[in-house]
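*Asks:* Let me begin by handing over the structure; questions about it come next.
The values are calculated or read from the model by the stated rules, or taken from the named source; none is laboratory data. Keep in mind that this is a model prediction, so the values were computed, not measured. All Cβ positions, glycine included, derive from the backbone under ideal geometry; neighbour counts span all protein chains shown.
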Amino acid sequence: MYKKVLVIDDNPVDRYIAERVFKKYAFSEEIICVESAKEGLDYLLSLKDSPEQLPHFIFLDIMMPEMNGFEFLDVYDTLPEIIRKNCIIMMLTTSMHEEDQFKANKNPYVSRYLNKPLNASSLKELEGFVQK
């Protein structure tokens, strides 16, 4: 079980499913869900002086209004190193666009590209996962 995960997704149903799956399979002690990339960035920045409170995993949706997952990653690149080195990012998508997967896999902060909704086999793949 991981200490904390952060889910960044504008869709309330997807956030609910993610939270239920994490609880059902005892994946994380604490689950933080936010509905926008900006809210996720603000949350991470609020913990810059408390790195032990940062989430182990960030589950980041690609398609969101105002700031999408890739735009989040652009800003994430400017965050303090203490944040960037302590969080593992998983991109979440319903998209079947190969260009999205290619772009995600090319990004140094993205560790894995996962299809929504999250399920037991998705989480099983992440057991013992360490940052690349």
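*Asks:* Considering only region 1-35, state which residues are part of a strand (DSSP E or B) and closer than 16 Å to LEU92 by Cβ.
*Replies:* VAL5, LEU6, VAL7, ILE8, SER28, ILE31, ILE32, CYS33, VAL34 - these are the residues of region 1-35 that are part of a strand (DSSP E or B) and closer than 16 Å to LEU92 by Cβ.
*Asks:* Restricting to region 60-102, give me the number of residues that are among the basic types (Lys, Arg) and exposed (fewer than 15 other Cβ atoms within 10 Å of the Cβ).
*Replies:* Residues flagged as among the basic types (Lys, Arg) and exposed (fewer than 15 other Cβ atoms within 10 Å of the Cβ) within region 60-102 amount to 1.
*Asks:* Is it the case that LEU54 is among the hydrophobic types (A, V, I, L, M, F, W, C), over 14 Å from VAL5 (Cα atoms) and without any contact (Cβ under 8 Å) to a residue 60 or more places away in the chain?
*Replies:* Considered against the rule, which asks whether it is among the hydrophobic types (A, V, I, L, M, F, W, C), over 14 Å from VAL5 (Cα atoms) and without any contact (Cβ under 8 Å) to a residue 60 or more places away in the chain, LEU54 comes out as no.
*Asks:* Filtering region 32-91 down to residues that are among the charged types (D, E, K, R) and closer than 18 Å to VAL13 by Cβ, which residue is nearest to the chain's Cα centre (by Cα)?
*Replies:* ASP61
*Asks:* Still on this structure: Answer yes or no as to whether ILE88 is in contact with a His (Cβ under 9 Å, 6 or more places away or on another chain) and at negative phi.
*Replies:* Details: in contact with a His (Cβ under 9 Å, 6 or more places away or on another chain): yes; at negative phi: yes.
Spelling it out, ILE88 is indeed in contact with a His (Cβ under 9 Å, 6 or more places away or on another chain) and at negative phi.
*Asks:* Just give me the residues in region 72-111 being in a helix (DSSP H, G or I), in contact (Cβ under 8 Å) with a residue 12 or more places away in the chain and within 22 Å of SER50 (Cα to Cα), in sequence order.
*Replies:* PHE72, LEU73, VAL75, TYR76, ILE82, ILE83, ARG84
*Asks:* Next up: For region 91-114, which residues satisfy the criterion of being among the hydrophobic types (A, V, I, L, M, F, W, C) and either modelled with pLDDT of 95 or more or touching an Asp or Glu at 6+ places or on another chain (Cβ under 9 Å) (or both)?
*Replies:* Residues of region 91-114 among the hydrophobic types (A, V, I, L, M, F, W, C): 91-92, 96, 102, 104, 110, 114.
If the condition is that a residue be among the hydrophobic types (A, V, I, L, M, F, W, C) and either modelled with pLDDT of 95 or more or touching an Asp or Glu at 6+ places or on another chain (Cβ under 9 Å) (or both), then MET91, LEU92, VAL110, LEU114 are the ones that fit.
*Asks:* Among the candidates ASN68, ASN107, which residue alone is farther than 21 Å from ASN119 by Cα and touching a helix residue (DSSP H, G or I) at 6+ places or on another chain (Cβ under 6 Å)?
*Replies:* So the residue among ASN68, ASN107 that is farther than 21 Å from ASN119 by Cα and touching a helix residue (DSSP H, G or I) at 6+ places or on another chain (Cβ under 6 Å) is ASN107.
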